[in-house]
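First the structure, in the form of structure tokens, and then the observations on it.
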Amino acid sequence: MWISAVVVLALLLGGGGFAAWKLEWFSGNGEAVSFGKTPASGSGGEAGKAGGAPTEAAPSGDPDVQMPTGPKAQFKQTAKLDDGTIVAKTTLVGAKSGFTGDVWVWAPKQYDDPKYAKSGFPVLIALPGGEGYPTNYWADRSLGLHKAISDGVAAGTSLPYVVIMPVLNPDNKYYYDGSDIPGRPKMGTWMAEDVPDFAKANFRTYKSRDGWAFMGSSSGAFVGMKTVLQHPDKFKAVIASGGEIVPDSPLWKGHQAEMDANNPEKLAKKLIDRKGPEVYINFQIGTKEGGKDRMVKFQQEYGKGPIKTTIRDIQNGEHNGWHYVRGMKEGSLEWISKVLKAPKPEAG
């Protein structure tokens with residue numbers, strides 16, 4: 001369903017242009033990377049890169065701040081943005097799910113700013129559509145997700161998120177609906193337990209759900225929304241772009257009860273009946289794609305009580321990541337940033 005943006009750009013640029021583009025974009029790829037380290041006094045090290053005798057700052061007075069718990073992952077650079085920030089990859093062995101898969105990460109410039117050294121950062125878990133294996137297309141800088149966040153921070157319309165980009169499925173044969181389907185890899189546990197634990201191990205985060213959200217497109221939108229409704233004690237919000245509303249994996253056959261336990265409509269009803277906690281769902285839909293009727297129906301039936309919903313129309317938008325990022329820049333990033341916890345710099 002998705003054509004690699006890298007291949008498209010290579011075809012467009014060609015020749016020497018491609019060589020220059022490759023030099024600029026891939027310089028340093030494969031090198032070891034560390035995040036959130038501030039060089040010790042006099043060390044001369046460089047924040048964000050391995051080496052330099054880095055030290056972690058002590059936590060702030062905010063009891064909600066969670067300093068990295070470890071163990072530290074080994075990251076390798078996969079892309080570098082124009083502002084110097086880095087997308088890096090590691091392989092995560094899921095302690096709770098038993099699944100092993102790749103995870104990409106990105107941290108904003110503020111993360112290495114000494115003023116924020118004692119602050120937690122909100123985490124945005126970004127999920128792809130399609131097969132979501134063996135890569136996560138949000139890690140591709142050409143889609144503009146990370147730049148949209150950086151530009152939003154500069155404009156005051158976005159929080160500086162740490163973005164975690166795990167693989168969505170364990171293979172490219174089936175959709176697993178981000179769920180623990182009996183007899184299959186436990187992708188629900190991977191998404192709701194192992195991936196957040198990984199983020200907490202490697203980044204300064206928040207203990208409360210106020211610092212945790214999803215964004216996703218297509219099948220990734222379904223998984224993000226489902227996980228927020230299933231674990232409202234852990235996650236507070238989701239930007240769900242062009243996604244399904246109910247489980248549709250063929251692997252659910254013969255497992256109706258388990259499928260119902262992963263159905264956003266049924267999860268929403270339970271959350272309404274128990275009166276919370278509040279969750280926030282921002283649907284995005286392009287005006288040139290179908291599926292808005294499903295979002296409207298969900299909003300009408302379940303967008304009440306603790307479930308806060310909104311639908312953003314992306315004018316002339318189609319079913320692709322570029323247009324969903326445009327929708328985020330046009331308002332969805334600001335929307336989600338208003339309900340999540342911001343990092344706090346030290347005064348001075």
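The values are calculated or read from the model by the stated rules, or taken from the named source; none is laboratory data. Small disclaimer: the values here were computed from a predicted structure and weren't measured. Note: ideal-geometry Cβ built from the backbone for every residue, glycine included; neighbour counts use all protein chains shown.
Evaluate the following for V296: is it under 22 Å from D248 (Cβ atoms) and in a helix (DSSP H, G or I)? Considered against the rule, which asks whether it is under 22 Å from D248 (Cβ atoms) and in a helix (DSSP H, G or I), V296 comes out as yes.
Only a single criterion out of (1) more than 19 Å from the chain's Cα centre (by Cα); (2) under 30 Å from V65 (Cα atoms); (3) modelled with pLDDT of 95 or more; (4) among the small types (G, A, S) is not satisfied by S337, namely (1). The test for being in contact with a Lys or Arg (Cβ under 9 Å, 6 or more places away or on another chain), modelled with pLDDT of 95 or more and under 17 Å from K329 (Cα atoms) does not hold for T189. Kindly indicate whether any position in segment 271-280 is out of contact with any strand residue (DSSP E or B) (no Cβ under 7 Å at 6 or more places or on another chain) and either of a type in the set (V, I, T) or within 21 Å of S179 (Cα to Cα) (or both). Within segment 271-280, not a single residue is out of contact with any strand residue (DSSP E or B) (no Cβ under 7 Å at 6 or more places or on another chain) and either of a type in the set (V, I, T) or within 21 Å of S179 (Cα to Cα) (or both).
So, T69, is that one hydroxyl-bearing (S, T, Y), within 19 Å of I125 (Cβ to Cβ), in contact (Cβ under 8 Å) with a residue 40 or more places away in the chain and surrounded by fewer than 17 Cβ atoms within 10 Å (Cβ to Cβ) or not? Yes.
A quick yes/no check of all residues on (1) of a type in the set (D, E, K, R); (2) touching a Phe, Trp or Tyr at 6+ places or on another chain (Cβ under 8 Å); (3) touching a residue at least 24 places away in the same chain (Cβ under 8 Å):
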| position | (1), (2), (3) |
| --- | --- |
| K266 | yes, no, no |
| I272 | no, yes, yes |
| P277 | no, no, yes |
| N282 | no, yes, yes |
| E289 | yes, no, yes |
| R294 | yes, no, yes |
| Q299 | no, yes, no |
| G303 | no, no, no |
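Scan segment 259-281 for residues that are farther than 17 Å from G243 by Cβ, outside any loop (DSSP other than H, G, I, E, B) and among the acidic types (D, E) and the total you get is 2. Checked against (1) buried (at least 23 other Cβ atoms within 10 Å of the Cβ); (2) free of Cβ contacts under 8 Å to residues at least 40 places away in the same chain, V167 meets all criteria but (2). For P134, the requirement of being surrounded by fewer than 22 Cβ atoms within 10 Å (Cβ to Cβ), over 30 Å from G242 (Cα atoms) and of a type outside the set (A, V, I, L, M, F, W, C) is not met.
K173 fulfils the conditions (1) over 25 Å from K80 (Cα atoms); (2) surrounded by fewer than 19 Cβ atoms within 10 Å (Cβ to Cβ); (3) touching a residue at least 24 places away in the same chain (Cβ under 8 Å); (4) of a type outside the set (A, V, I, L, M, F, W, C) except for a single criterion, (3).
Among the residues of segment 303-348, which ones are over 24 Å from T205 (Cβ atoms) and in a helix (DSSP H, G or I)? Selection gives G321, W322, H323, Y324, R326, G327, K329, E330, G331.
Considering segment 252-267 alone, what residues qualify as being under 16 Å from G178 (Cβ atoms) and among the hydrophobic types (A, V, I, L, M, F, W, C)?
Selection gives W252, M259, A261, L267.
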